[in-house]
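First up is the structure itself, then whatever we jot down about it.
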Amino acid sequence: MAASFANTQVSGKVATRHVAQGRVAPFRATGVRKTAGAQIPSSFFAGVSVPQRVFAVSGARSVSRAVQTVFAIKDGAVLEGRKLRVAVIGGGPSGACAAETLAKGGVETFLIERKLDNCKPCGGAIPLCMVEEFDLPLEIIDRKVTKMKMISPSNREVDVGKTLSETEWIGMCRREVFDDYLRKRAQNLGATVLNGLFMRSEQQGSDGPFTIHYTSFADGSKMGTPSTLEVDMIIGADGANSRIAKEIDAGEYDYAIAFQERIRIPEDKMKYYENLAEMYVGDDVSPDFYGWVFPKYDHVAVGTGTVVNKTAIKQYQQATRDRSKVKTEGGKIIRVEAHPIPEHPRPRRCKGRVALVGDAAGYVTKCSGEGIYFAAKSGRMCAEAIVEGSANGTKMAGEDAIRMYLDKWDRKYWATYKVLDILQKVFYRSNPAREAFVELCEDSYVQKMTFDSYLYKTVVPGNPLDDVKLLVRTVSSLIRSNALRSVNSKSVNVSFGSKANDERVVVA
């Protein structure tokens with residue numbers, strides 16, 4: 001078997017590996033000499049472990065005509081003269097935390113993000129445990145929420161948070177501030193942050209490197225510059241519409257549309273939301289989710305989401321604003337945001353040397369819609385598995401390392417996702433069921449179990465006697481809600497906010 005190196009331009013022991021609009025970054029090759037049209041037997045490379053690939057570039061002006069010959073590197077092979085190279089696509093919490101962990105672990109890391117000032121429509125709530133676990137400074141947290149109001153379809157208000165101690169709170173942040181901090185921290189630890197839009201990737205054989213094609217906006221232009229980057233592994237952290245997921249045929253999933261308006265309200269009304277968040281439930285604000293009013297630095301975020309009726313999202317948003325208008329009256333909308341949110345994990349989350357994390361993998365919980373913590377955690381866990389599998393970047397890693405992350409993730413969080421999925425199906429199916437849900441939230445035992453599980457991301461064992469009492473109350477509330485549903489199913493109309501009465505849904 002012979003390998004053809006026609007027109008290869010390699011001087012001494014330096015070959016090129018990174019080509020971006022004529023820019024090359026050298027890496028050290030062992031025992032490679034300049035050749036011209038020679039047929040070299042593969043046995044010539046016996047004992048040559050790194051790199052087992054040579055990229056041929058015929059001058060800086062002829063990048064598009066580059067000829068490359070690639071030799072596969074098996075998983076576990078020692079990388080001599082260089083470190084494992086990983087591209088992280090997407091710079092949200094999952095991508096930034098993956099890049100940080102990889103860089104700290106000795107892996108050469110590239111983080112590609114198109115919108116470095118992105119403001120994702122997100123409630124921005126983070127659990128208390130995340131602050132310590134991810135070493136987050138308090139400066140990036142806008143508000144410490146210690147009180148919440150659950151508001152039923154009939155506008156019954158239940159105060160939630162009475163079981164919290166003086167040191168317990170839920171953090172509220174702005175994603176543009178939060179994400180930027182995580183990216184810069186990864187960059188300071190050695191990751192290369194590229195302002196670019198991922199277009200596609202291609203791999204040279206199952207054990208060969210990936211060529212990342214992306215549009216670079218490093219020069220500040222709106223059109224960007226076509227660029228390429230060669231890496232060994234890819235982490236897809238590029239959100240619900242992940243291009244990486246499409247490339248590995250990760251499968252389809254249901255997704256919600258989240259719609260959010262940032263509203264600057266008068267100071268006296270902002271005082272009301274100083275440490276308070278509100279959650280509204282009802283067919284008017286969402287047929288399968290909830291509406292929210294969450295406090296930020298100098299404004300509130302008002303939003304909602306839905307899976308089953310995406311085309312009506314603006315009507316649900318109007319209803320959310322109408323339900324909260326007494327407390328937000330006089331406000332000015334300063335930003336409008338919308339984004340898809342995954343509803344369950346994708347059927348496939350890895351393929352070969354490609355892994356998915358965060359929203360790209362589908363790690364958003366049902367019922368609560370929480371995604372920030374699980375995004376950051378999945379990015380870190382995936383990167384930790386790669387660092388371990390590559391012996392701190394000194395060996396080639398592959399699918400075995402990625403599956404270590406997936407197995408650990410599923411063992412740790414599968415039950416959480418399943419329970420919240422069941423809760424959503426039980427309590428978000430009708431207005432009477434939502435009334436029962438809000439009623440249950442008034443119970444101190446329910447509040448304690450809920451907040452302890454949320455704030456510390458652990459399954460808190462309950463008191464057996466209290467668990468039995470809760471079960472009885474839950475069944476009683478559901479029976480009562482079903483009775484109300486049966487009585488009202490033929491006559492109860494719910495209008496969409498301030499829209500005319502001809503836009504209605506019937507509670508069924």
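The values are calculated or read from the model by the stated rules, or taken from the named source; none is laboratory data. If you're wondering where the values come from, they're calculated on a predicted model, not measured in any experiment. FYI the Cβ positions are ideal-geometry reconstructions off the backbone, even for glycines, and counts take in every protein chain you see. When the accessible area is computed, the model is the full protein with side chains, heavy atoms only, and any ligands, DNA or RNA have been set aside. Shrake-Rupley method; radii C 1.70, N 1.55, O 1.52, S 1.80 Å.
Tabulated data for the structure shown
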| quantity | calculated |
| --- | --- |
| Strands (runs of 3 or more DSSP E) contained in the range 214-329 and holding at least 1 residues basic (K, R), surrounded by fewer than 18 Cβ atoms within 10 Å (Cβ to Cβ) and at pLDDT 95 or above | 255-264 |
| Among the candidates G291, G331, residue that is free of Cβ contacts under 8 Å to residues at least 40 places away in the same chain and under 28 Å from D117 (Cβ atoms) | G291 |
| Criterion (open to solvent by less than 10 Å² (accessible area, probe 1.4 Å), modelled with pLDDT of 95 or more and in a strand (DSSP E or B)) met by exactly one of L102, L111 | L111 |
| Tabulated pairs, the range 138-164, first at pLDDT below 95, second assigned to a helix (DSSP H, G or I) and open to solvent by 90 Å² or more (accessible area, probe 1.4 Å), C-beta under 6 angstrom, 6+ apart or interchain | T163/K448 |
| Tally of residues being modelled with pLDDT of 85 or more, buried (at least 16 other Cβ atoms within 10 Å of the Cβ) and in a helix (DSSP H, G or I) across the range 454-479 | 2 |
| Odd one out for L182, checked against (1) surrounded by fewer than 19 Cβ atoms within 10 Å (Cβ to Cβ); (2) out of contact with any strand residue (DSSP E or B) (no Cβ under 9 Å at 6 or more places or on another chain); (3) at pLDDT 95 or above | (1) |
| Subset of the range 360-411 that is more than 24 Å from G251 (Cβ to Cβ) and among the acidic types (D, E) - its residue that is surrounded by the most Cβ atoms within 10 Å (Cβ to Cβ) | E384 |
| Residue in the range 327-334 that is farther than 23 Å from R429 by Cβ and under 22 Å from the mean Cα position of the chain (by Cα) present | no |
| Residue within the range 337-351 that is open to solvent by less than 10 Å² (accessible area, probe 1.4 Å), at pLDDT 95 or above and within 30 Å of A397 (Cβ to Cβ) present | yes |
| Residue that is over 29 Å from R346 (Cβ atoms), of a type outside the set (G, A, S) and modelled with pLDDT under 85, where the choices are V438, V492 | V492 |
| L116 being crowded, with 17+ Cβ neighbours inside 10 Å, under 19 Å from the mean Cα position of the chain (by Cα), outside any helix (DSSP H, G or I) and in contact (Cβ under 8 Å) with a residue 60 or more places away in the chain | no |
| Matching residues, the range 421-436, being open to solvent by less than 40 Å² (accessible area, probe 1.4 Å) and not acidic (D, E) | Q424, F427, Y428, S430, N431, P432, A433, R434, A436 |
| Pair list, Cβ < 9 Å and 6+ apart or interchain, from the range 242-256 residues that are under 14 Å from E202 (Cα atoms) to residues that are surrounded by fewer than 20 Cβ atoms within 10 Å (Cβ to Cβ) and of a type in the set (A, V, I, L, M) | R243/M199 |
| Among (1) under 18 Å from V131 (Cβ atoms); (2) over 11 Å from the mean Cα position of the chain (by Cα) - the single one E370 does not satisfy | (2) |
| Among residues of the range 353-367, those that are among the β-branched types (V, I, T) and at pLDDT 95 or above, counted | 2 |
| Among (1) over 34 Å from the mean Cα position of the chain (by Cα); (2) modelled with pLDDT of 70 or more; (3) under 24 Å from C367 (Cα atoms) - the single one R429 does not satisfy | (1) |
| Residues of the range 198-212 classified as part of a strand (DSSP E or B), surrounded by fewer than 16 Cβ atoms within 10 Å (Cβ to Cβ) and more than 22 Å from the chain's Cα centre (by Cα), total | 1 |
| Complete set of residues in the range 129-174 that are among the aliphatic types (A, V, I, L, M) and within 29 Å of R323 (Cα to Cα) | I141, V145, M148, M150, I151, V158, V160, L164, I170, M172 |
